[in-house]
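*Asks:* Handing you this structure, nothing more for now.
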Amino acid sequence: MPVWLELLIRVLSVVVAFLTLPLVVGQAEHKVMAHMQGRLGPMYAGAFHGWAQLVADGVKFVQKEDITPRAADRPVFRLAPIIALMPYLIVLLVIPLGPGDLVGQALDVGLFLVPAVLGLGVVAVLMSAWASANKYSLLGGLRAAAQLLGYELPMVLAAASVAMAAGTLSLPGIIEAWHPWWLLWQLPALLVFFIAGLAEIRRPPFDMPIADSELVFGYLTEYTGLRFAFFLLAEYLGIVVIAALTTVLFLGGWQGPFGLNAELGWLWTLIKIFAVSFLVIWFRVAYPRLREDQLQRLCWLVLVPVALGQLVLTAAVRLAL
Amino acid sequence: MSRRLYGVDGYLGSYATLGLLLIAGLLFFVAAFSANRLLRPARPAEPPGKRATYECGLDPVGGGWAQAQIRYYVYAYLYVLFAVESVFLFPWAVVYAQPGFGTTTVVEMAIFVAVLALGILYAWRKRVLRWT
């Protein structure tokens, strides 16, 4: 296969995943939440159980007027949704779907690149919050910035624990080194990573930056139309990315319960990603929102110490074996 | 330099995909906003208040960039402390278990991390993590 064709296929596959996976997760959220709350959820679009609801939403959003408030800082306000989406696109490139070539691009420093790029999310939130020139947006944005900065730490420390266990920063390398007993060995890191990941994507119970009962809609208050749709897409992509990273780092990625990893690896990965996504949606239905200072205390006094303890445990076990 | 560094399958070549993906992402946004430009209302109504700042339907009082008490900078300090640590942690994590490193390497990193953990302890004792 010529090089340009291979590159084209790789890039296009990532873009297709970028556009379809969040729709699947978003539709699942509509239906799962509805049934958990004794409702039916969308039932009309696409005729069969409202399967096309998010497609219809997209068609609606793209026809809407592009409104910027008079007081807003126009270029920054309009750029923010693009900055919010870009990191997720880049992260999807390095997440392996299956063994061998089933990855957008295997980078040696994949595990280093991912948190570095996800850190850009803070910038997007602060841009949208500050440029909106709205008090509620600003409050929400400051909450979000403190939350994203805080929870990045336990998340990165948990990821470092996996790097220590596997002895590599390459994501496919980590999956190859993974062994089922890591589920026990790395369990604290898994829990810390998942909880911190929930906070990183601002999902309930960590949705204080949006907190629609306190702050109108936080840093998204002034957005409408396509730009608002991009922020929503970023939220669903966040679920996909956090679920995929949990899968790759802690749940063994393409490794299945019985052999056949070369043939069925992609299926195991997808099953695990959707299972974790289901859990993320479930958390939204099950738990109420934390208060802002409770959120910070949970991070600094529970998650960070647990993550540090896990680092000690990982080093001790690795050197002992 | 050699092909190992610059070729398509060389070290930097693997980042070419990243560059192409960024271009593809930009094309996606250009396409989406062009479609929006074609499909949105050509002569939208401009009622008064349409572009006003939205604050629960009342007229906004004062500017949006008003002064506010910001409690959050403490978290930013704590964050910087540990972000630097984690940058050192990753390269260390790859090598510490290899032959020739061993216990000394682990103890060194443990001392480094412990000093930073003292920082959290201090912040906790100083009650910066409590608001009332």
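*Asks:* Can you give the helix-only mean residue ellipticity at 222 nm for chain A, where every DSSP H stretch with n ≥ 4 adds -39500 (n - 2.57) and the sum goes over all residues, rounded to the nearest 500 deg cm²/dmol?
*Replies:* Helix-only estimate at 222 nm: -22500 deg cm²/dmol.
*Asks:* Would you please classify the overall shape of the protein assembly as shown from the alpha carbon gyration tensor, given that a ≥ b ≥ c denote the square roots of the eigenvalues, rounded means a/c under 1.5, and beyond that prolate means a/b larger than b/c while oblate covers the rest?
*Replies:* Because a/c hits 1.5 or more and a/b fails to exceed b/c, the protein assembly as shown counts as oblate.
*Asks:* Then there is this: Angle check, please: helix A:135-166 long axis (alpha carbons) against the longest principal axis of chain A (alpha carbons), in degrees 0 to 90, nearest 10.
*Replies:* Approximately 10 degrees, to the nearest ten.
*Asks:* Does a label point 7 Å from the Cα of residue A:74, set along Cα-to-beta-carbon, have any residues of region A:218-258 with amide nitrogen under 20 Å, and which are they?
*Replies:* The answer is A:222-228.
*Asks:* Taking springs between alpha-carbon atoms closer than 10 angstrom, which of A:45, A:131, A:307 fluctuates most in the Gaussian network model of chain A?
*Replies:* A:45
*Asks:* At 1.4 Å probe radius, can you tell me the per residue accessible area of the protein assembly as shown in Å²?
*Replies:* For the protein assembly as shown, the per-residue accessible area is 47 Å².
*Asks:* Taking the Cα of residue A:316, stepping 7 Å toward and past its beta carbon, and measuring to each backbone N in region B:81-96: which are under 20 Å?
*Replies:* B:93, B:96
*Asks:* Still on this structure, please answer the following. Where a ≥ b ≥ c are the square roots of the eigenvalues of the C-alpha gyration tensor, would you call region A:213-287 rounded, which needs a/c under 1.5, or, failing that, prolate if a/b is larger than b/c, or oblate?
*Replies:* Taking the square roots of the gyration eigenvalues as a ≥ b ≥ c, region A:213-287 is prolate.
*Asks:* Nearest 20 debye, what's the magnitude of the dipole of the protein assembly as shown about its Cα centre given +1 on Lys and Arg Cβ and -1 on Asp and Glu Cβ? Intermediate results must be reported in sequence, preceding the final value.
*Replies:* Numbers: 31 positive and 25 negative charges, 177 e Å.
Computed about the Cα centre, the dipole is about 860 debye.
*Asks:* Within the accessible area of region A:55-119, what % is carbon and sulfur when the probe is 1.4 Å and the other protein chains stay in place?
*Replies:* Details: 1610 of 2540 Å².
Whole-percent figure for carbon plus sulfur exposure: 63.
*Asks:* Could you sort the peptides B:40-49, A:69-78 by per-residue average Cβ neighbour count (10 Å cutoff), highest mean leading?
*Replies:* Working: B:40-49: 8.9, A:69-78: 17.0.
Most protected by this proxy first, the peptides run A:69-78, B:40-49.
*Asks:* Another one. Summarise the partner chain shielding of A:38-51 as one whole number: the mean count of Cβ atoms from other chains within 10 Å of each residue's Cβ.
*Replies:* Taking the mean over all residues of the peptide, I get 0.
*Asks:* In Å² (nearest 100), what accessible area is buried between B and A, both sides summed, heavy protein atoms only, 1.4 Å probe?
*Replies:* Working: alone 12260 and 15430 Å², together 21390 Å².
Adding both sides of the contact gives about 6300 Å².
*Asks:* For residue B:50, give me every one of the lysines with a C-alpha distance below 19 angstrom, ignoring sequence neighbours fewer than eight places off in its own chain.
*Replies:* In chain and number order, the partners are A:64, A:135.
*Asks:* Radius of gyration and Dmax for region A:69-320's Cα atoms, expressed in Å?
*Replies:* Here Rg and the maximum Cα pair distance are 18.5, 64 Å.
*Asks:* Right, something else. Quick one: net charge of residue A:223's neighbours, Cβ under 14 Å, K/R +1, D/E -1?
*Replies:* -1
*Asks:* Could you work out how far apart the two model spin labels at residue A:266 and residue B:104 are, taking each label as a point 7 Å from the Cα in the direction of the beta carbon, and quote it in nm?
*Replies:* Taking the two extended label points, one gets 4.9 nm.
*Asks:* If you take the beta carbon distance between residue B:127 and residue B:83 as r and set R0 to 25 Å, what does 1/(1 + (r/R0)^6) give as a FRET efficiency, to the nearest 0.05?
*Replies:* 0.60
*Asks:* What's the carbon and sulfur percent of region B:70-125's accessible surface, probe 1.4 angstrom, rounded to a whole number?
*Replies:* 74
*Asks:* Which of A:110, A:98, A:309 ends up with the largest GNM mean-square fluctuation for chain A, with Cα atoms connected below 10 Å?
*Replies:* Of the options given, A:309 has the highest mean-square fluctuation.
*Asks:* Let me ask another. Decide, for region B:70-125, between rounded, prolate and oblate: order the square roots of the alpha carbon gyration tensor eigenvalues as a ≥ b ≥ c, take rounded if a/c falls under 1.5, and otherwise choose prolate if a/b is larger than b/c, else oblate.
*Replies:* It comes out oblate by the Cα gyration axes.
*Asks:* Here's another thing I want to ask about it. Excluding residues on the same chain fewer than 8 positions from residue A:272, give the lysines whose Cα lies under 21 Å from its Cα.
*Replies:* Within the straight-line cut-off, residue A:272 pairs with A:31.
*Asks:* Calculate how steeply helix A:120-131 sits against the longest principal axis of the alpha-carbon atoms of chain A, using the helix alpha-carbon long axis, and give the answer as 0 to 90 degrees to the nearest 10.
*Replies:* It is inclined by approximately 10 degrees.
*Asks:* If you don't mind, another one. At residue A:34 and residue B:56, where each label point lies 7 Å from the Cα along Cα→Cβ, what is the point-to-point distance in nanometres?
*Replies:* 3.2
*Asks:* What residue among A:251, A:157, A:298 shows peak mean-square fluctuation when chain A is described by a Gaussian network model with Cα springs under 10 Å?
*Replies:* In the Gaussian network model the winner is A:298.
The values are calculated or read from the model by the stated rules, or taken from the named source; none is laboratory data. As the structure is a prediction and not an experimental result, all values here were calculated from the model. As a convention, Cβ positions derive from the backbone with ideal geometry for all residues, glycine included, and neighbour counts pool all protein chains shown. The protein model used for the area step is the full one, side chains on, heavy atoms only, and it has no ligands, DNA or RNA in it. Shrake-Rupley method; radii C 1.70, N 1.55, O 1.52, S 1.80 Å.
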